[in-house]
Amino acid sequence: MGQAAKVLQLFKTLHRTRQQVFKNDARALEAARIKINEEFKSNKNETSPKKIEELMKTGSDVELLLRTSVIQGIHTDHDTLKLVPRKDLLVENVPYCDTPTQKQ
């Protein structure tokens, strides 16, 4: 696969991940879309293979970070957030619980 095809594949993967991670959050979806597009556009004319590989590594790391570390929160009250983890984030043996218990 050529380098241009790999760059395009990363671009599409980042946008797919953005859509999954920020589902139902129009503001975050739009902000992420703009940021992804800006970053790719600003490096569009890069010709150095070493620099392109470096940028590709950064993009891949960002995609992995978004996919594995970002959890959506929904404001339920003025000082309360309800976390909405995706199924692929719940990999621990401890099940997710909407109502936390007090430690004694």
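Each Lys or Arg adds one and each Asp or Glu takes one away; over the other residues whose Cβ falls under 14 Å from the Cβ of L81, this sums to -3. Computed over the alpha-carbon atoms, the chain gives an Rg to Rh ratio of 1.10, Rh here being the Kirkwood radius from the mean inverse distance. Could you please report the charge total around E38, scoring K, R as +1 and D, E as -1 over all other residues with beta-carbon less than 14 angstrom from its beta-carbon? Computed value for this residue: +3. Surface composition of the range 1-66: carbon and sulfur make up 56 percent of the accessible area, probe 1.4 Å. Listed by chain and number, the aspartates and glutamates placed with their C-alpha closer than 19 angstrom to that of K57 are E38, E39, E46; residues fewer than eight positions away on the same chain are left out. The angle between the Cα long axis of helix 3-21 and the longest principal axis of the Cα atoms of the chain comes to about 20 degrees, rounded to the nearest 10. Summarising the label geometry, the points placed 7 Å from Cα in the beta-carbon direction at M1 and T76 lie 4.1 nm from one another. As a length-normalised measure over Cα pairs under 8 Å and 6 or more apart, the relative contact order of the chain settles at 24 percent. By the rule of a C-alpha distance below 16 Å, with chain neighbours fewer than 8 residues away ignored, the aspartates and glutamates paired with K87 are D98.
The values are calculated or read from the model by the stated rules, or taken from the named source; none is laboratory data. This structure is a prediction, so every number in the text was calculated from the model and none was measured. We place every Cβ from the backbone using ideal geometry, glycine too, and count neighbours over all the protein chains shown. In case anyone asks, the SASA skips ligands and DNA or RNA and just uses the protein heavy atoms, side chains included. Shrake-Rupley method; radii C 1.70, N 1.55, O 1.52, S 1.80 Å.
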